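The values are calculated or read from the model by the stated rules, or taken from the named source; none is laboratory data. No experiment lies behind these values; they were computed from the predicted model shown. Note that each Cβ is placed from the backbone with ideal geometry, even for glycine, and that neighbours are counted across all protein chains shown. For accessibility, only protein heavy atoms count, side chains too; no ligands or nucleic acids. Shrake-Rupley method; radii C 1.70, N 1.55, O 1.52, S 1.80 Å.
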Amino acid sequence: MSSSCAVLPSTRTDFVNPSRQRSFVPSRVQEQRGKCHLGRRSFTFRGIVASGVAMAGSSLLTEPVKGADRLPFKREGYNYWTWRGHKIHYVVQGEGFPVVLIHGFGASAYHWRYNIPELAKNYKVYAVDLLGFGWSEKALVEYDTMIWKDQVVDFLKEIVREPAVLVGNSLGGFTALVSAGGLPEQVAGVVLLNSAGQFGDPSAKVKKSEESVLQKFFVKPLKEIFQRIFLGFLFWQAKQPARIKSVLKSVYKDSSNVDDYLIESITMPAADPNAGEVYYRLMSRFMMNQSRYTLDSILSKLSCPLLLIWGDLDPWVGPTKAIRIKEFYPDTSLVNLQAGHCPHDEVPELVNKALIDWLSTVAPKTSLQAL
């Protein structure tokens, strides 16, 4: 797969918050502490906001963002961990309280290139590539939200091995929420940056019907053939440099950080022999079957502080979702930024400050409890 904050233009509208309301407000922090309370409401997770597609190779520029440290780009990757027989890539830097960074759909650990060095000055920072993405193995498995939840939970148990804060962008945000619910004793807090997940219609009903012989032996095989042809074309289209450049610029309101290092982190994973098949499985079996995963059910299992860092100029997931999450989960702090879908890479200095300020209120408490 690939690594950037982009998405196939022809499919992205299926995976975004249908609300297009935008709030053009200056950066601010809203904080509310209290007992965790969440009314149970039903809403449909219509898909995941994708944040990555593939493109062709490029040369590398060498100038980082002015005044910011950047994670060195290594084609061979950093560290590897074997999980369920699959090769998983991760980065680790620094010492202190653990912070685990989880990328969005199609992205990789390298997407946190401007956050890892700064956070590592005070914390032990991990950034992990989810199975099927980045430098991790392009395993031919049945992809599901729960497979990434299991991966993150086991990563916390086997690699981190102490309480930590989970930070996720887009799909990584939803994965962080699900993982926190699956291992509450080891998750001290969760941070969401323009997270995936949808609030659906509470009156919507899922209709189930028995599969007929015609559907099983004729309709389904034809549907799969059509999907393979169509998605194969989309995957090929996604590799075209002109296409990827325009998509990246559409989600980075300030596109100055869309550099050749980011491009290179996309090219390599997409060249894997299994990348096309993984893409097909993700789009046909994972993306199209998410209605059973709802934000209300996930948030109802959360028992730790939550921070929302939201790029209000995101063309796909506007600030309305952040407001709704805050309404459902009282133990939430909200930071609004003038940025797009990937604020951690577009305005890393602002995101780093928001993270460090919030972590200073969460990490010490957890460290004392662990003693």
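From the residues in region 134-177 that are within 20 Å of Leu307 (Cβ to Cβ) and among the small types (Gly, Ala, Ser), which one is modelled with the lowest pLDDT?
Only one residue tops the list, namely Ser170.
Taking region 320-343 as the region of interest, how many residues are without any contact (Cβ under 8 Å) to a residue 60 or more places away in the chain and of a type in the set (Asp, Glu)?
1
Going through Ala270, Ala322, Ala275, Ala339 one at a time, which residue ends up being within 23 Å of Val251 (Cβ to Cβ), among the aliphatic types (A, V, I, L, M) and surrounded by fewer than 22 Cβ atoms within 10 Å (Cβ to Cβ)? Let's see the steps before the verdict.
On the way: Ala270 fails: surrounded by fewer than 22 Cβ atoms within 10 Å (Cβ to Cβ); Ala322 fails: surrounded by fewer than 22 Cβ atoms within 10 Å (Cβ to Cβ); Ala339 fails: surrounded by fewer than 22 Cβ atoms within 10 Å (Cβ to Cβ).
Answer to the selection: Ala275.
Just to be sure before I move on: is Ala363 out of contact with any helix residue (DSSP H, G or I) (no Cβ under 9 Å at 6 or more places or on another chain), open to solvent by less than 30 Å² (accessible area, probe 1.4 Å) and of a type outside the set (Asp, Glu) in the structure I sent? Step through it out loud before you land on a result.
Working: out of contact with any helix residue (DSSP H, G or I) (no Cβ under 9 Å at 6 or more places or on another chain): yes; open to solvent by less than 30 Å² (accessible area, probe 1.4 Å): yes; of a type outside the set (Asp, Glu): yes.
Against the criterion (out of contact with any helix residue (DSSP H, G or I) (no Cβ under 9 Å at 6 or more places or on another chain), open to solvent by less than 30 Å² (accessible area, probe 1.4 Å) and of a type outside the set (Asp, Glu)), Ala363 qualifies.
Can you go through Gly181, Gly94 and tell me which one is in contact with a helix residue (DSSP H, G or I) (Cβ under 8 Å, 6 or more places away or on another chain) and modelled with pLDDT under 95?
Gly181 is the lone residue from the list that is in contact with a helix residue (DSSP H, G or I) (Cβ under 8 Å, 6 or more places away or on another chain) and modelled with pLDDT under 95.
Could you say whether any residue in region 119-132 is small (Gly, Ala, Ser), at pLDDT 95 or above, open to solvent by less than 10 Å² (accessible area, probe 1.4 Å) and assigned to a strand (DSSP E or B)?
Yes - at least one qualifying residue is present in region 119-132.
Residue-by-condition table, conditions (1) touching a Leu at 6+ places or on another chain (Cβ under 6 Å); (2) at positive phi; (3) open to solvent by less than 10 Å² (accessible area, probe 1.4 Å):
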{"residue": "Pro72", "(1), (2), (3)": "no, no, no"}
{"residue": "Leu101", "(1), (2), (3)": "no, no, yes"}
{"residue": "Gly104", "(1), (2), (3)": "yes, no, yes"}
{"residue": "Glu142", "(1), (2), (3)": "no, no, no"}
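Could you tell me whether Gly85 is of a type outside the set (A, V, I, L, M, F, W, C) and modelled with pLDDT under 95?
On the way: of a type outside the set (A, V, I, L, M, F, W, C): yes; modelled with pLDDT under 95: no.
Answer is no for this residue.
Among the residues of region 104-114, is any within 21 Å of Arg285 (Cβ to Cβ) and assigned to a strand (DSSP E or B)?
Taking region 104-114 as the starting set, the residues that turn out to be within 21 Å of Arg285 (Cβ to Cβ) are 104-107.
Among the residues that remain, those that are also assigned to a strand (DSSP E or B) are: 105.
Among the residues of region 104-114, at least one is within 21 Å of Arg285 (Cβ to Cβ) and assigned to a strand (DSSP E or B), which makes the answer yes.
Please count how many residues of region 161-188 are within 19 Å of Ala363 (Cβ to Cβ), part of a helix (DSSP H, G or I) and open to solvent by less than 10 Å² (accessible area, probe 1.4 Å).
3
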